[in-house]
1. If you count only protein heavy atoms and use a 1.4 Å probe, how large is the accessible surface of S52, to the nearest 10 Å²?
2. What length, rounded to one decimal in nm, is gained on full extension from H443 through to W38, with 0.36 nm per residue of separation minus their alpha-carbon distance?
3. Take I393, I263 and sort them by solvent-accessible surface of the protein heavy atoms, 1.4 Å probe, largest at the top.
4. Computed FRET efficiency, Cβ-Cβ of R57 and Q95, R0 25 Å: what is it to the nearest 0.05?
5. What is the distance, in nm, between label points placed 7 Å from the Cα along the Cα-to-Cβ direction at C28 and at F16?
6. Can you tell me how segment 389-459 classifies by the Cα gyration tensor, rounded, prolate or oblate, using a/c under 1.5 as the rounded cut?
7. From the Cα gyration tensor of the chain, with a ≥ b ≥ c the square roots of its eigenvalues, which class applies: rounded if a/c is under 1.5, or else prolate if a/b is larger than b/c, or else oblate?
8. Tell me, what is the percent relative contact order of segment 332-459, built from C-alpha pairs under 8 Å that lie six or more residues apart?
Amino acid sequence: MSAYQCCINPDCGKTFGVDEVLHCCPACGELLDVQYDWNAVKPLKSLNVFESYWSERSNPHRFSGVWRFHQLLPFLPLEKCVTIGEGQTVLQNAQRVAPYAGIKPDRFFLQYEGLNPSGSFKDNGMCAAFSHGAFVGASRAACASTGNTSASLAIYSACTNLMQSVIFIGSGKIAYGKLSQALDYGAKTIQIDGDFDDAMSRVQQVSKELGIYLVNSVNPFRLEGQKAIMFRVLEALRWQVPDWIAVPGGNLGNSSSFGKAFIELHQLGLIKKVPCLAVINAAGADTLYRLYEKEGLRWNGGRYDKNLTKKFYETMNSEGRKASTIASAIEINRPVNLSKCLRALDFCNGVVREVSEQEILDAKAQVGASGLGCEPASAASVAGVKKLAAEGIIAKDESVVCILTGHQLKDPNATVAYHGTDKDFYEEILGKRGVKTRVFANHPVSVANDLEQIVSMLR
Ligand code: F0G
């Protein structure tokens, strides 16, 4: 096999087979990558070849928006790769949102990952992790989740019947659209008294103890699948690399995976230019922003300052600081992929910003009004671009792709609270979070059940 797992710590660099199940490097505790001996895998001359695969879409692996790119993530033979039709997503030239973001209309794009089978980008990674879990013979798979990973795991489990799903969620910390998916698809759902960070540390302990396969983004195979989001973005742009990719940052799996995709495409000589990466935190869950922009933490060739992060987390603990944001998908204070994200930011000349609840909700309303609605966390990417454009970091005529990570229907409460007229509901969901204005609200109008009154109102 030409693929292997490898510790990302340059002072360790231990390697392991792809048939081993590890959450991190057993020698030093760092994260693991999936790496390839590219000479042994079929060499690619250009990315154009992937377009021709589309004509073979009656083959489920060619139809899949992930496995279509199997040559760029060949850790299992294709026939072992599980697919439920993930990755049929669109890159939309979002002309109506562009003026809000401060970018020229023909240069602004939204990559709508809400079109995946479970309604979020997670399916890109889940098909890869799920394939690996089934390959190593696991009978159960688990994750901690703010909702989308669990919905994704649950759908793969229900559709394929290959592994049972067990999900850990913080009680009261998950939007109902997502919880309803996990319950409907039959996942064993464990609500623990705590937040995502608590659930994440518990699921790692439990899966180790019981030998349950872990599909959170510490799983390096999952991040392989998420590279396909970038492959599809490039494909939609006819292989022109955009100037910027903007993505919300939670557990930092996406940003890490995108960085790896560009490192590999560049190494393979398949792209010349590398985009800049903008990772956007919610202000209530801004560990990356603080560490990267305020404390100056850098990848430093893999020898990043671990003392800085240790002290940061100690202070967080002593202050009792917990993540809190309306963008519940990214309500995470201890991102497990921090080190890989630093690597991505280093390679892609990255920047990190934090955006307020107000900025997230306003950006979400703008995205919704353009026709491809998203959940609050996704809108952080647009809010972040607006901020970076206002600062002059992103120029108006640069090409920008924002990743809309999750579907609008995932979190209807946030949308209805913003647009609705129920004051108590607004106060409960948004008001108490400091969302003071709703300038883009599309308020419903109440009218008596009377033809004359309805007609006169619409006249
Ligand atoms: N956007 C959405 C809609 C998400 O669900 C998540 C993560 C993110 C952004 C952040 O992505 O972790 O790669 O930085 N949701 C995880 C979950 C944590 O459990 O569903 P990241």
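1. Number for this one is 60 Å².
2. Going from the current span to full extension adds 140.3 nm.
3. Descending order: I393, I263.
4. With R0 = 25 Å, the Cβ-Cβ based efficiency is 0.30.
5. 1.5 nm
6. Taking the square roots of the gyration eigenvalues as a ≥ b ≥ c, segment 389-459 is prolate.
7. Rounded.
8. 22 percent
The values are calculated or read from the model by the stated rules, or taken from the named source; none is laboratory data. What you are looking at is a predicted structure, and each value in this text was computed from that prediction instead of being measured. Please note: Cβ atoms are built from the backbone with ideal geometry, for glycine as well, and neighbour counts cover all protein chains shown. Accessible surface is based on the protein model in full, side chains and every heavy atom, while ligands, DNA and RNA are left aside. Shrake-Rupley method; radii C 1.70, N 1.55, O 1.52, S 1.80 Å.
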